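Participant: Would you mind keeping the following structure in view while I ask a few things?
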Amino acid sequence: MIELAVVAPKQLVFKIEGMSCTACAQSLEKALQKAKGVQKARVNFAAGKAYVDYDSETTTIQDLKEVISSAGYTGVASGDREEFSQKIEGMTCTSCAQAVEKSLQGKKGVESARVNFASETARVIFEPGIIGREEIIEAIREAGFEISREKEDKDGEEFDPDLENLARAAKRMWIAAGFAIPIMILMMVHMFIFPIPYYFPIIFALGFVPVFVAGWETHRHTLRAIRNLRPNMDTLVSLGSVVPYSLNFLAFWLPLASFVEMAASIMTFHLVGRFLEAKAKGRASQAIKKLLQMGAKTARVMTEEGETEVPIEELKIGDIMLIRPGEKIPTDGVVHRGVSTVDESMATGESIPVERTEGQEVIGGTINKQGVLQVRASRVGKDTFLSQVIKMVEEAQGSRVPIQEFADRVTGFFVPGVLLLAIGSFISWNLFPEFHVAIVEFFNFPWSNPNLPTFSLALLAMIAVFVISCPCALGLATPTAIMVGSGIGAEKGVLIRRGEAIQTIKEARIIAFDKTGPLTQGKPDVTDILPVGNWSAEEMLHLVGSLEKASEHPLGQAIVENAERKGLKPLEVENFEALTGRGVVGEVGGRKVLVGNRLLMQEEGISFNQEEDRIAGLEDEGKTAMLIGIDGKLAGIIAVADILKDEAVQAISELGKMGLSTALISGDNQRTADAIARQLGISRVLAEVLPEGKVEEIQRLQEEYGVVVMVGDGINDAPALKQANVGIAIGTGTDIAIEAADITLVRGDLDGVIRAIRLAGATFNKIKQNYFWAWFYNGVAIPAAFFGLIHPIIGAAAMAASSLNVVLNSLRLRRVPIDPGYRQDRRV
């Protein structure tokens with residue numbers, strides 16, 4: 001007898017991109033099931049994933065990818081793609097960020113690369129089988145930049161690259177100022193008090209330090225940019241300082257004015273601007289630092305030998321942690337023993353501590369206020385709530401909004417264009433000196449001197465164009481606003497996952513709410529038990545409670561809890577079946593029991609017309625009337641109601657004041673849904689919507705209103721959240737809903753929806769203000785410099801002020817109130 005070796009099928013999960021509805025998932029599932037070697041395939045549209053069991057002897061991962069591709073989608077196998085985030089040193093303007101981005105995108109195996117100049121971070125998605133992290137770092141170095149050191153230093157203390165960069169910027173600034181100030185004093189004395197012997201050699205020697213020693217980093221970046229054929233902001237500053245300084249060699253032999261004072265001043269103003277910009281950018285990125293500081297460093301773990309303090313990295317799932325009053329909870333977990341109040345403001349933004357007792361979840365990084373708690377660790381490392389929040393904020397800060405795409409394209413041509421304009425200015429002044437002098441004399445600014453030689457005037461105009469142009473202001477306009485906005489959101493429990501939502505949400509005209517969860521407390525309770533015929537309330541509840549024990553529906557669980565409170569022990573259930581959008585059916589104690597809506601009763605041929613008035617009365621009160629059928633006859637009605645959230649009515653009213661319409665999406669019948677909508681003040685009701693019909697309802701709203709925002713929290717809300725222009729997930733909901741959303745609310749209340757809308761609107765307004773200033777500044781300053789109306793020293797100061805203004809304007813976001821009007825007016 002020959003034994004055949006049975007090869008177990010391999011299982012693989014693909015992340016699918018490009019699906020827009022459940023029909024897409026079904027068509028892909030069929031295509032995979034027909035593929036050679038595939039034994040089983042299941043596609044989950046809500047999760048955006050395909051689960052495939054296949055025979056590795058006859059089919060490869062690449063074969064499966066091609067099947068997915070031929071069906072019109074993109075599939076990335078689990079473990080087939082990794083994300084890598086890296087801080088970069090040496091970027092001085094948007095052109096630098098674009099150079100790194102192009103270098104990374106040119107590498108085989110890199111799926112996407114985004115470089116954020118404001119946060120100085122590169123986020124790369126790559127295929128580890130083709131390219132590794134070391135090769136990605138090498139690509140960054142090939143572009144002429146270095147990676148930032150973020151590990152602990154030799155003394156074991158934490159290292160902050162932002163603080164080190166700030167210290168270096170301060171050192172360069174003070175070195176430059178220490179020599180530039182004496183140069184300016186000597187110049188004033190030489191010009192207005194008495195001539196200084198050997199003035200030119202003295203200032204020539206003094207000027208070397210600010211221009212070449214303090215400015216060496218700038219010149220090094222310039223040389224790198226020239227080598228890569230990508231001139232940047234540093235290129236303009238180098239030309240604006242080195243060219244006039246070098247011309248002073250001619251002053252030893254020719255009767256030329258000294259330009260050392262100008263060269264030293266330009267470099268000094270540039271370095272002052274860099275220092276102030278670094279300081280302001282550090283304030284803009286404080287959100288991530290605050291979040292990182294919230295985590296505990298160690299945990300006190302209970303073992304058989306007693307208490308042991310271990311580093312947080314060594315904590316394992318299942319460990320019992322001991323937390324005393326005033327201590328941080330080291331990681332996410334469930335209270336094993338004890339009662340206390342916990343300050344969860346770092347997670348929810350709510351300052352009032354909440355009570356936590358045995359069996360309840362607690363969040364790592366929150367503070368135990370009163371009692372001693374024993375907490376069983378449930379999530380550690382990158383899976384914790386705090387780690388996920390940090391990841392979301394980093395993703396938001398690294399994302400781009402549509403308005404940024406155009407600015408980025410323009411910035412790529414900005415510096416080369418400025419170089420051409422500057423050279424054109426020099427040529428124009430030499431070709432048409434009378435024309436330019438006439439313009440200067442017409443405006444007659446105090447710093448203008450049209451009597452200088454034409455060569456000197458042409459040189460001044462060219463240098464002014466070099467140093468006054470500011471691509472940095474354009475490059476910082478969006479990233480700094482998003483950095484500040486996402487940080488404020490994190491502090492207030494509003495996590496912006498995708499930056500695009502900031503621009504899209506301002507165009508929204510209607511917000512659609514799923515009923516259960518977003519608008520209600522999600523804890524329905526039995527309000528009425530109305531038996532029909534010879535059935536008693538207790539008998540009917542006993543049978544129905546037993547049947548619903550096998551169900552996971554919230555309304556069913558409310559009946560189960562009601563039966564348990566009355567001491568009714570569940571009976572054995574056979575042939576249980578959940579009928580989507582209708583109810584449940586099964587056999588309990590030898591009887592066929594049905595619990596559901598009118599449609600289920602009609603399908604089973606059970607008459608309920610005689611009870612229609614009572615059913616309608618319950619529904620008019622906003623209750624869900626569940627019809628009970630036993631052995632083919634109507635046995636009664638059980639009414640269940642989910643309590644509305646305390647702030648729901650006020651939140652809907654506030655949204656109306658903001659000019660937004662509201663819609664209710666519910667599986668309830670029209671009468672019940674209308675009653676709930678009346679209580680809330682919602683204008684549009686979409687009732688009797690099955691889970692799979694929510695996407696279609698969102699599409700209809702989009703056809704009517706345009707941009708639609710959807711608020712949901714359940715697994716069956718995920719497709720609708722993706723279909724909506726902006727999806728907002730209640731953080732107390734399922735992971736799948738949160739993953740599908742653009743914005744996540746940590747707390748379960750509706751205040752977060754208003755905060756999210758106001759924060760997004762305020763952030764986008766700052767982005768528009770930043771772009772207006774940047775375009776206005778460059779649009780006015782560069783032509784003025786071209787015609788000789790601005791002195792290069794003034795131009796250098798204006799350039800530094802332009803970038804700084806954009807960052808400071810973004811920081812003003814913290815003064816904008818985003819709390820609902822019905823709450824105490826607190827400023828963020």
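The values are calculated or read from the model by the stated rules, or taken from the named source; none is laboratory data. Since the structure is predicted, the reported quantities are computational estimates derived from the model, not experimental observations. No Cβ is skipped: glycine too gets one built from the backbone with ideal geometry, and neighbour counts run over all protein chains shown. Areas reflect the complete protein model, heavy atoms only, side chains present, ligands, DNA and RNA absent. Shrake-Rupley method; radii C 1.70, N 1.55, O 1.52, S 1.80 Å.
Participant: Once fully extended, how much extra length lies between LEU229 and SER56, figured as 0.36 nm per residue of separation less the alpha-carbon to alpha-carbon distance? Provide the component values of the computation, followed by the final result.
Facilitator: Numbers: separation 173, 0.36 × 173 = 62.28 nm, distance 4.80 nm.
The LEU229-SER56 span can extend by a further 57.5 nm.
Participant: In whole percent, and with a 1.4 Å probe on the protein chains, what portion of the accessible area of the chain is carbon and sulfur?
Facilitator: 55 percent
Participant: So, counting K/R as plus one and D/E as minus one, what does the shell of residues with Cβ under 15 Å around GLU561 add up to?
Facilitator: Numbers: positive: LYS523, LYS549, ARG565, LYS566, LYS569; negative: ASP525, GLU548, GLU552, GLU564, ASP642.
Around GLU561, the surrounding residues sum to 0.
Participant: Below 8 Å, C-alpha to C-alpha, sequence gap of six or more: please give me the relative contact order for the chain in percent.
Facilitator: After rounding, I find 12 percent.
Participant: Here's another thing I want to ask about it. Could you work out how far apart the two model spin labels at ILE196 and GLU134 are, taking each label as a point 7 Å from the Cα in the direction of the beta carbon, and quote it in nm?
Facilitator: Calculated label separation equals 5.5 nm.
Participant: Which pairs, out of LYS549/LYS623; LYS549/LYS592; LYS15/LYS722; LYS549/LYS569; LYS87/LYS391; LYS30/LYS722, put more than 18 Å between their alpha-carbon atoms?
Facilitator: Listed pairs above 18 Å: LYS549/LYS623; LYS30/LYS722.
Participant: Still on this model: With an 8 Å Cα cut-off and a minimum separation of 6 or more residues, compute the relative contact order for the stretch 613-713 in percent. Please list the in-between numbers first.
Facilitator: Working: 120 pairs, mean separation 22.3, N = 101.
After rounding, I find 22 percent.
Participant: To continue, here is another question. Using modelled backbone amide H atoms (1.01 Å from N, in-plane), which distant-in-sequence or interchain residues come within less than 5 Å of THR298's amide H?
Facilitator: Distant-sequence amide H within range of THR298: ILE312.
Participant: Once whole DSSP H runs in the chain are found, which of them have Cα atoms spread over 30 Å or more along the helix axis and a mean Kyte-Doolittle score of at least -1.0? Display every interim value, and only then the final one.
Facilitator: Working: long enough: 161-192 (46 Å, 0.89); 260-284 (36 Å, 0.38); 402-431 (43 Å, 1.00); 471-491 (31 Å, 1.04); 751-786 (52 Å, 0.33).
Counting only whole DSSP H runs, the qualifying helices are 161-192, 260-284, 402-431, 471-491, 751-786.
Participant: Enter the accessible area of THR520 (Å², nearest 10), with the probe set to 1.4 Å and all protein chains included.
Facilitator: 0 Å²
Participant: Would you mind computing, in nm to one decimal, how far apart the modelled labels at ASN765 and GLN602 are, each placed 7 Å from Cα along Cα→Cβ?
Facilitator: Result for the modelled spin labels: 5.0 nm.
Participant: Take each of the peptides 536-546, 789-799, average the number of other beta-carbon atoms within 10 Å over its residues, and list them starting from the highest.
Facilitator: So the order, starting with the most tightly packed, is 789-799, 536-546.
Participant: Name all residues of the stretch 507-521 having a backbone nitrogen under 13 Å from the label point set 7 Å from the Cα of LEU644 along its Cα→Cβ direction, giving them as ranges.
Facilitator: The answer is 519-521.
Participant: Would you compute, for the Cα atoms of the stretch 520-625, the largest minus smallest coordinate along each principal axis and list the three values in descending order, in whole Å?
Facilitator: 34, 33, 30 Å, listed from the longest principal axis down.
Participant: Can you check what the net charge comes to around GLY18, using other residues whose Cβ is under 14 Å from the Cβ of GLY18 (Lys, Arg +1; Asp, Glu -1)?
Facilitator: On the way: positive: LYS15, LYS49, LYS65, LYS722; negative: GLU17.
Residues near GLY18 contribute +3 overall.
Participant: Another question, then. Explain nothing, just the number: dipole magnitude of the chain about its Cα centre with +1 on each Lys and Arg Cβ and -1 on each Asp and Glu Cβ, in debye rounded to the nearest 20.
Facilitator: Dipole about the Cα centre, nearest 20: 2900 debye.
Participant: Still on this structure: On full extension of the chain, what length is gained from VAL189 through SER378, given 0.36 nm per residue of separation minus the C-alpha to C-alpha distance?
Facilitator: 60.7 nm
Participant: Okay, moving on. Can you put TYR245, TYR705 in order of accessible area, largest first, using a 1.4 Å probe?
Facilitator: From most exposed to least exposed: TYR705, TYR245.
Participant: Continuing with this model, one more query. Among (i) 30.6, 102; (ii) 33.8, 120; (iii) 33.5, 103, which is the computed Rg and Dmax of the Cα atoms in Å?
Facilitator: Read-out taken from this structure: (ii).
Participant: Across the stretch 814-819, in residue order, what do the Karplus-derived ³J(HN,Hα) couplings come to in whole Hz, using 6.51 cos²θ - 1.76 cosθ + 1.60 with θ = phi - 60° and x for Gly and Pro?
Facilitator: With coefficients 6.51, -1.76 and 1.60, one gets 5, 8, 7, x, 10, 5 Hz.
Participant: For GLY499, which sequence-distant residues (separation of 5 or more, or a different chain) have an amide H within less than 5 Å of its own amide H, given hydrogens modelled in the peptide plane?
Facilitator: Result for GLY499 returns SER399, ARG400.
Participant: Excluding THR662 itself, what net charge comes from residues whose Cβ is under 15 Å from its Cβ, given Lys and Arg +1 and Asp and Glu -1?
Facilitator: Counting the neighbours of THR662, the net charge comes to 0.
Participant: Using 1/(1 + (r/R0)^6) with R0 = 60 angstrom and r between the beta carbons of LYS36 and VAL339, what's the FRET efficiency to the nearest 0.05?
Facilitator: Numbers: r = 60 Å, r/R0 = 0.99.
My answer for the efficiency is 0.50.
Participant: While we're on this one: Figure the gain on full extension for GLU441 and LYS569 (residue separation times 0.36 nm, minus the Cα-Cα span) and round it to one decimal in nm.
Facilitator: 36.2 nm
Participant: What nm value, rounded to one decimal, do you get for the distance between SER27 and GLN370 when each label is placed 7 Å out toward the C-beta?
Facilitator: Those two pseudo-labels are separated by 5.9 nm.
Participant: Give me the accessible area per residue for the chain, probe 1.4 Å, as a whole number in Å².
Facilitator: Computed with neighbouring chains in place, this is 46 Å² per residue.
Participant: Based solely on its DSSP helices, what 222 nm [θ] is calculated for the chain when runs of n ≥ 4 H residues each add -39,500 (n - 2.57) and the sum is averaged over all residues, nearest 500 deg cm²/dmol?
Facilitator: Numbers: 28 runs with 392 residues, N = 828.
Roughly -15500 deg cm²/dmol at 222 nm, from the helical runs in the chain.
Participant: Given contacts defined as C-alpha pairs under 8 Å and at least six residues apart, what's the relative contact order of the stretch 445-584, whole-number percent?
Facilitator: Contact order relative to length: 14 percent.
Participant: What figure in square angstrom, to the nearest 10, would you give for the accessible area of ARG224 with a 1.4 Å probe?
Facilitator: Here the residue's solvent-accessible area equals roughly 20 Å².
Participant: Can you give me the C-alpha center-to-center distance between the stretch 560-593 and the stretch 642-692, rounded to a whole angstrom?
Facilitator: For the stretch 560-593 versus the stretch 642-692, the Cα centre distance is 30 Å.
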